[in-house]
1. For the range 199-216, which positions are within 16 Å of the ligand (Cβ to nearest atom) and either in contact with a Gly (Cβ under 9 Å, 6 or more places away or on another chain) or more than 23 Å from GLY93 (Cβ to Cβ) (or both)?
2. Can you confirm whether ILE196 is away from the ligand (no atom under 15 Å from the Cβ), in a helix (DSSP H, G or I), in contact (Cβ under 8 Å) with a residue 40 or more places away in the chain and over 25 Å from LYS131 (Cβ atoms)?
3. Is there a residue in the range 9-26 that is modelled with pLDDT of 95 or more, more than 15 Å from the ligand (Cβ to nearest atom) and under 30 Å from TYR102 (Cα atoms)?
4. For the range 126-164, enumerate the residues that are more than 28 Å from PRO188 (Cα to Cα) and touching a strand residue (DSSP E or B) at 6+ places or on another chain (Cβ under 8 Å).
5. Check whether at least one residue in the range 167-190 is among the hydroxyl-bearing types (Ser, Thr, Tyr) and assigned to a helix (DSSP H, G or I), and report yes or no.
6. Would you pick out the residues in the range 199-219 that are free of Cβ contacts under 8 Å to residues at least 60 places away in the same chain and either over 18 Å from the mean Cα position of the chain (by Cα) or farther than 30 Å from GLU161 by Cα (or both)?
7. Regarding the range 43-50, can at least one residue be identified that is under 22 Å from ILE231 (Cβ atoms), at pLDDT below 95 and among the basic types (Lys, Arg)?
8. Can you tell me which residues in the range 199-235 are among the aromatic types (Phe, Trp, Tyr) and surrounded by fewer than 23 Cβ atoms within 10 Å (Cβ to Cβ)?
Amino acid sequence: MLIENASAIFKRISHAAMRAGRSPDEVKLIAVTKTVGIETIKEAIDAGLRIFGENRVQEAQKKISDLKFEITPPIPPLEKGGMKGGVEWHLIGHLQKNKAKYAVQLFDLIHTVDSIELAEELNKQAEKIGKIQSILVQVKLSEEETKHGVSEDELILLLEEIKKLKNLKLEGLMTMPPFFDNPEEARPYFRRLRKIRDNAKEKGFMLPELSMGMSGDFEVAIEEGATMVRIGTALFGERENK
Ligand SMILES: *Cc1c(COP(=O)(O)O)cnc(C)c1O
């Protein structure tokens, strides 16, 4: 049951935060709804979830517009968490430049900016609609060919370029370690991202948000400083391969 899953996850988030001497309020749960239908998303809203992560622009577009008609009046904000009175949508999957225009219309936060070209295009499209687009930069910390993200070596250059773009608001970093059966093996990647963030701070880049941790390893990620965990399977069950 979704409501039980959600409350179990909220509890595990709290415990992980407290183990690390952090406040549970510092960690946002992003419910990853790729392949999940809108009936279930409505249940998720009833269960107290407010931030949804999608990895494909087109899939998100359909769900967001379907839901708009179904949820009136707007959902009340939770007591904690400071949500804007509705739900937030985050893009957590790779973004192609030619979809930047739609991405800025749909998403409150884009987690996956990994090139100057993409940042410039997002800036241009955000400017067109008079929006300041919040973004994270995705950092690639493993050698896997299939993973997107900017390398550690190129990060500072990218951050410098983003700083010049007036319609982007850089909030932090995101990473996706390789999949391990044992979450402890992901810990060095999470610790690394935090280190990189701290080093960037010394160079003048304030990057408060760290988006890291998924169903199998979010507690470890929180212990290492995650402020956003992206959880699909542990909330909604196994996805069918699409
Ligand atoms: C699918 C996905 C998740 C959620 O993964 P689970 O293991 O189902 O929790 C998190 N982040 C990204 C980028 C994803 O694509």
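1. Hits for the range 199-216 are GLU209, LEU210, SER211, MET212, MET214, SER215.
2. yes
3. For the range 9-26, residues modelled with pLDDT of 95 or more, more than 15 Å from the ligand (Cβ to nearest atom) and under 30 Å from TYR102 (Cα atoms): present.
4. ALA126, ILE132, GLN133, LYS163 - these are the residues of the range 126-164 that are more than 28 Å from PRO188 (Cα to Cα) and touching a strand residue (DSSP E or B) at 6+ places or on another chain (Cβ under 8 Å).
5. Yes, the range 167-190 contains at least one residue that is among the hydroxyl-bearing types (Ser, Thr, Tyr) and assigned to a helix (DSSP H, G or I).
6. Once the filter is applied, which keeps residues that are free of Cβ contacts under 8 Å to residues at least 60 places away in the same chain and either over 18 Å from the mean Cα position of the chain (by Cα) or farther than 30 Å from GLU161 by Cα (or both), the range 199-219 yields ASN199, ALA200, LYS201, GLU202, LYS203, GLY204, PHE205, SER215, GLY216, ASP217.
7. yes
8. Matches in the range 199-235: PHE205 only.
The values are calculated or read from the model by the stated rules, or taken from the named source; none is laboratory data. What you see is a predicted model; the values in this text were computed from it and never measured. Cβ sites come from the backbone with ideal geometry, for glycine too, and all protein chains shown count toward neighbours.
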